[in-house]
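Chemist: Before anything else, here's the structure in question.
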Amino acid sequence: MLIGLCAAEAVRLAGVPFHEWLGLSLIAVFLIHLLLAWTWIEFHTTQFVVRRITRDRTNYLLNAGLFVVMVITIFSGIMISESALPFMGLHPKGNLRWRDLHSLGANLVIVLAGLHIALNWDWILKAVRRRVT
Ligand code: HEM
């Protein structure tokens, strides 16, 4: 997911058509990521109300923010599509506002994804160690 996001951020390097198809394929990766994290989401949604642990709540709000920003970025990307959507016979009427929103969303995704990784670093290290050893 992270590799896909980094590649999606490099629009100038990859070219717009590749960027768009990659962005669209990230929808599937994003959904799989959410499905794999579903137990965490269910558990922490109930815990958010019941237990008031600052770290857990911060993490939960950050993840919720990242979800919203990802949806906005992908949706606004679709609205300004110049290649993938026209290829499918669709011609979205994206204007400058959608473009600005896409640009803002893409910047926020980087910040929030960085914080998301930082807050879950222990979990990531453990998962990598489990696979390597
Ligand atoms: C999470 C997924 C995505 C990320 C992180 C992302 C990121 C970016 C970034 C950083 C830019 C450059 C913004 C700027 O120049 O200010 C950009 C531009 C653009 N993106 Fe995305 N994008 C994503 C998904 C999509 C999707 C799904 C589409 C369309 C199907 C799309 C279509 C476009 C288009 C048309 C541009 C303008 C390219 C140009 O002409 O300069 N993006 N995107």
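Chemist: Using a 7 Å offset from Cα along Cα-Cβ at Phe87, what residues in the stretch 18-56 end up with backbone N under 17 Å from the label point?
Modeler: 18-29
Chemist: Specify the angular offset, from 0 to 90 degrees and rounded to the nearest 10, of the alpha carbon long axis of helix 54-79 from the longest principal axis of the alpha carbons in the chain.
Modeler: 10
Chemist: Per residue, how much accessible area does the chain have with a 1.4 Å probe, in Å²?
Modeler: So the chain comes to 71 Å² accessible per residue, rounded to a whole number.
Chemist: Full-extension gain between Arg129 and Phe75, please, as 0.36 nm times their residue separation minus the C-alpha to C-alpha distance. Don't skip to the end; give the middle numbers.
Modeler: Details: separation 54, 0.36 × 54 = 19.44 nm, distance 3.60 nm.
The Arg129-Phe75 span can extend by a further 15.8 nm.
Chemist: OK, next. Express the carbon and sulfur contribution to the solvent-accessible surface of the chain as a percent, rounded to the nearest whole number, probe 1.4 angstrom. Don't skip to the answer; put the middle values down first.
Modeler: On the way: 6730 of 9410 Å².
The nonpolar share, carbon plus sulfur, comes to 71 percent.
Chemist: For the stretch 1-98, take the alpha-carbon Rg, divide it by the Kirkwood Rh, and send me Rg/Rh.
Modeler: 1.08
Chemist: Give me the angle, in degrees from 0 to 90, between the Cα long axis of helix 38-50 and the longest principal axis of the Cα atoms of the chain, rounded to the nearest 10.
Modeler: With rounding to tens, the tilt is 60 degrees.
Chemist: Can you give the FRET efficiency for Leu61 and Ala10, using 1/(1 + (r/R0)^6), R0 = 25 Å, r = Cβ-Cβ distance, to the nearest 0.05?
Modeler: 0.30
Chemist: I've got another one for you. How far, in degrees from 0 to 90, does helix 121-132 lean away from the longest principal axis of the Cα atoms of the chain, to the nearest 10?
Modeler: So the inclination is approximately 90 degrees.
Chemist: Can you compute the FRET efficiency between Arg51 and Arg97 using 1/(1 + (r/R0)^6), with r the Cβ-Cβ distance and R0 = 30 Å? Round to the nearest 0.05. Walk me through the numbers before you get to the answer.
Modeler: Working: r = 40 Å, r/R0 = 1.35.
The computed FRET efficiency comes out at 0.15.
The values are calculated or read from the model by the stated rules, or taken from the named source; none is laboratory data. None of the values given here were measured: they were computed from a predicted structure. Cβ sites come from the backbone with ideal geometry, for glycine too, and all protein chains shown count toward neighbours. When the accessible area is computed, the model is the full protein with side chains, heavy atoms only, and any ligands, DNA or RNA have been set aside. Shrake-Rupley method; radii C 1.70, N 1.55, O 1.52, S 1.80 Å.
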